[in-house]
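Take a look at the following structure, please.
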């Protein structure tokens, strides 16, 4: 017997249940926050800690040719499942989905630690990515469940802090552990951290307001978006490195990915309950906020990957000092997010802070473009800090605006979708930066990467010219982020989830 639920009746029940739910105390919020921050740190750290240990892993497992797959497999899995986690959280609740993600991540970590060969390590990393892919989006969703939109900006700062900590600690820990202990320790340390995250969140999340509703999971849509994402990311990862951009394998992957995306678009329009509801995709705040954040964060990720090449080939720094040169870029985002998050609690026109911040970031990158290769290191790093602070002001505003524009039972799907398209944007922009640097230096081809630039000692004048193009592309990325942020409607930030549901239901 098919038991159907009247969505209007259930909406009223959900709203009533939320209204009757006792508000969380500051101690409740803090205990939940620490738990989800630890879960997020697990996922964020594993994106940075492996890089510096990869040469050691390749030597010990006897395969350095295919080392890039250790990173690529995690990226493929974690990106592809991000929207799926958001939908599952809206169906089954945040707690069970978050705890499941932690368990899968820890099991994948154990498999990584005991992997006897590189390809088994690649498979284990894929499993690890299946668990880690949803942890960041789920953490942002849980913050949205706990705190009203008006107060949410200040809590987004904690999320930015986790990313900064993982960016700073990951490379250092990876190198030290691989050199002093054994590379497998990189994965073994996830066990106590994962257990602590599970224990801290398991009981605390029982106190969360419940907004889930009966849904059907669109399995075909999930398979299509996963396959389309993986195919596209493979093309972006291999293009210009494993194969030339105009080669048949890259063209075939891009064409197949486009076909899969078209099939996914068809599925969205025809499914009774699509994986990503059309009203979320049609929401102008969600759409503009996601595109703005995608351009901003994607450009930022591209800079963090290729700036070490600038420091080593143009500024003449060692590998260790080039990492220190990134500190202004990674730390400034937290300062900017803190300023913007606190301003959201006091300002009616909260978009003004990130509009000013992104405008300053745009001016800073314009100066880097003009004076690339001629600017002393200290003012160069000061400008990087300015750029980073300016970009950081956008992060909490984009996330909170998206969450503020949807119903409580859609928070997981909307947040997961926004994070998914940010990651896709990052992959696209990194590929563009790679095409500029590698293609312009004439080193594009099989088995090559930006590491090749350091080994082949491409002449300095060529690198200066190429990085002018990179900084010019950064200007375009930030300008697009600013354009879509300005176009994003500035809805009043409501004081609670129930009030938000009532207001949106009445629209």
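The values are calculated or read from the model by the stated rules, or taken from the named source; none is laboratory data. Note that the coordinates shown come from a computational prediction; the quantities given were computed from them, not determined experimentally. Backbone-built Cβ (ideal geometry, glycine too); neighbour counts: all protein chains shown.
Pull up region 333-352, narrow it to residues that are closer than 16 Å to residue 159 by Cβ and surrounded by 22 or more Cβ atoms within 10 Å (Cβ to Cβ), then point me to the one that is farthest from the chain's Cα centre (by Cα).
344
Can you tell which of 153, 175, 221, 170 is in a helix (DSSP H, G or I), buried (at least 16 other Cβ atoms within 10 Å of the Cβ) and at pLDDT 85 or above?
Values: 153 fails: at pLDDT 85 or above; 175 fails: at pLDDT 85 or above; 170 fails: at pLDDT 85 or above.
None of the others qualify; the one that does is 221.
Outside any helix (DSSP H, G or I), buried (at least 23 other Cβ atoms within 10 Å of the Cβ) and touching a helix residue (DSSP H, G or I) at 6+ places or on another chain (Cβ under 8 Å) - does that describe any residue in region 371-386? Full working, then the answer.
So the first thing to find is which residues in region 371-386 are outside any helix (DSSP H, G or I), and the list is 371-376.
Next, only the ones that are buried (at least 23 other Cβ atoms within 10 Å of the Cβ) stay: none.
Checking region 371-386: not a single residue is outside any helix (DSSP H, G or I), buried (at least 23 other Cβ atoms within 10 Å of the Cβ) and touching a helix residue (DSSP H, G or I) at 6+ places or on another chain (Cβ under 8 Å).
Which of (1) surrounded by fewer than 24 Cβ atoms within 10 Å (Cβ to Cβ); (2) closer than 27 Å to residue 427 by Cα is the odd one out, the single condition residue 95 does not satisfy?
The single condition residue 95 does not satisfy is (2).
I've got another one for you. Out of the residues in region 25-49 that are surrounded by fewer than 24 Cβ atoms within 10 Å (Cβ to Cβ) and in a loop (DSSP other than H, G, I, E, B), state the one that is modelled with the lowest pLDDT.
25
Then there is this: Report yes if residue 393 is crowded, with 24+ Cβ neighbours inside 10 Å and farther than 30 Å from residue 283 by Cβ, otherwise no. Full working, then the answer.
Values: crowded, with 24+ Cβ neighbours inside 10 Å: yes; farther than 30 Å from residue 283 by Cβ: no.
Judged against the criteria, residue 393 is not a match.
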